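Colleague: One structure is given below, represented as structure tokens, and several questions about it will come after.
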Amino acid sequence: MQLGVFIHTNPKQYLGALVSAHSMRRHSAHPDRLDIRILNTVDFPFLAAREGQTYRVGGEPRQWRMDDLQSFTPLRFMPPEAMGWSGRAVLVDPDIFAVGDIHELLTRDMQGRAIVCRRRPAKGDQPGGYATSCMLLDCAKLSHWHCREDFDRLFTEGVDYIDWIELKREDPATIGLFEPEWNDFDRLTERTRLLHNTKRRTQPWKTGLPVDFTEAERFRLFPPKGWGRRARRTLLGEAAVRGTFQPHPDPAQERFFFGLLKDALAQGVVSEALLREEMRRDHLRHDAFAVLDRTPPLDQQALGRAPLAA
């Protein structure tokens with residue numbers, strides 16, 4: 001059975017995607033069985049064709065921007081088509097890194113489901129939506145997924161982005177759940193299999209850089225926070241509102257990422273020239289080489305268990 005691993009990204013997160021792919025190979029007992037592919041927005045012109053056009057997110061209008069930090073998310077629906085609607089695939093965000101063996105996820109019993117993922121944490125009485133940032137897919141059961149056509153429907157048919165991205169248009173009977181450790185949100189423990197640095201402001205490789213995304217303004221019935229944000233933007237400019245990326249609250253997660261990056265650099269997966277270019281483009285923190293120097297190798301990072309052997 002064909003086993004695919006897809007990491008979707010854009011130029012801003014391309015380095016993360018390279019490190020993610022390296023982590024998948026390094027921590028798998030069967031790297032030769034994995035077909036690992038990076039889906040970069042620059043290779044899918046249908047996304048750029050909608051630049052500046054309006055679509056709806058949770059009922060609110062928004063303009064499609066290719067320079068958004070997460071403009072890659074429509075590509076979550078590309079793997080079944082890329083696999084010829086056969087075999088299995090895992091789809092991950094570029095800020096998800098393997099601690100365990102991705103082969104275990106690809107070959108687990110899906111119990112007849114087309115999609116296996118996890119839910120986001122509940123909000124009050126409302127259950128969290130499906131987190132499509134990491135999905136195990138039975139591609140043969142997803143022949144109705146056509147990424148370009150479905151993306152275009154956001155603009156031509158008024159399909160809401162949230163309904164699409166949270167699988168609300170799918171039959172719930174076709175969706176199963178895996179353990180949270182296969183998409184561990186900013187939590188690194190001895191049980192973590194895939195670490196996901198979900199909080200954009202604290203991604204460890206961006207500390208100190210100017211924030212390059214605009215947070216959604218949420219003002220439903222009581223809008224003072226939205227008014228305040230708009231006033232600050234008017235008086236001080238967009239950069240003052242956005243601020244800078246902050247250190248990750250868990251130093252172990254910073255060490256883990258830079259341990260992976262150090263390993264990737266040593267093995268020629270990434271080059272020093274690439275890192276310097278990513279720093280120039282403000283995609284990688286400017287003190288990255290100093291952080292690499294002080295970061296212990298992965299085989300010396302225990303993460304509460306035995307060291308992370310290759």
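The values are calculated or read from the model by the stated rules, or taken from the named source; none is laboratory data. Note that the structure is predicted; figures quoted are calculated from it, not measured. Because the Cβ atoms are built from the backbone with ideal geometry, glycine has one as well, and the counts that use them run over all protein chains shown.
Colleague: Select from region 1-37 the residues that are part of a strand (DSSP E or B) and small (Gly, Ala, Ser) and list them in ascending order.
Modeller: Gly4
Colleague: With the condition kept exactly as written, say whether any residue in region 99-106 is buried (at least 20 other Cβ atoms within 10 Å of the Cβ), within 28 Å of Ala48 (Cβ to Cβ) and modelled with pLDDT of 95 or more.
Modeller: No, the conditions are met nowhere in region 99-106.
Colleague: Given the conditions (1) modelled with pLDDT of 95 or more; (2) touching a helix residue (DSSP H, G or I) at 6+ places or on another chain (Cβ under 8 Å), which single one is not true for Leu69?
Modeller: (1)
Colleague: Inspect region 132-145 for any residue being more than 22 Å from Leu39 (Cβ to Cβ), in a strand (DSSP E or B) and in contact with a strand residue (DSSP E or B) (Cβ under 8 Å, 6 or more places away or on another chain) and give the result as yes or no.
Modeller: Scanning region 132-145, I find no residue that is more than 22 Å from Leu39 (Cβ to Cβ), in a strand (DSSP E or B) and in contact with a strand residue (DSSP E or B) (Cβ under 8 Å, 6 or more places away or on another chain), so the answer is no.
Colleague: Here are Phe6, Phe44: which of them is surrounded by 13 or more Cβ atoms within 10 Å (Cβ to Cβ), in contact with a Cys (Cβ under 9 Å, 6 or more places away or on another chain) and at pLDDT 95 or above?
Modeller: Phe44
Yes/no per residue for (1) at negative phi; (2) assigned to a strand (DSSP E or B); (3) aliphatic (A, V, I, L, M):
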residue: Arg56; (1), (2), (3): yes, yes, no
residue: Arg62; (1), (2), (3): yes, yes, no
residue: Arg65; (1), (2), (3): yes, no, no
residue: Pro74; (1), (2), (3): yes, no, no
residue: Val90; (1), (2), (3): yes, yes, yes
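Colleague: What's the number of the only condition in (1) touching a Cys at 6+ places or on another chain (Cβ under 6 Å); (2) of a type outside the set (Val, Ile, Thr); (3) surrounded by fewer than 19 Cβ atoms within 10 Å (Cβ to Cβ); (4) assigned to a helix (DSSP H, G or I) that Ser86 fails to meet?
Modeller: (4)
Colleague: I would also like to ask the following. Restricting the first residue to region 147-162 and requiring it to be part of a helix (DSSP H, G or I), which pairs with a second residue that is modelled with pLDDT under 95 meet a Cβ separation below 6 Å and a spacing of at least six or different chains?
Modeller: Sorted first by the residue in region 147-162, then by its partner, the pairs are Ile162/Gly58.
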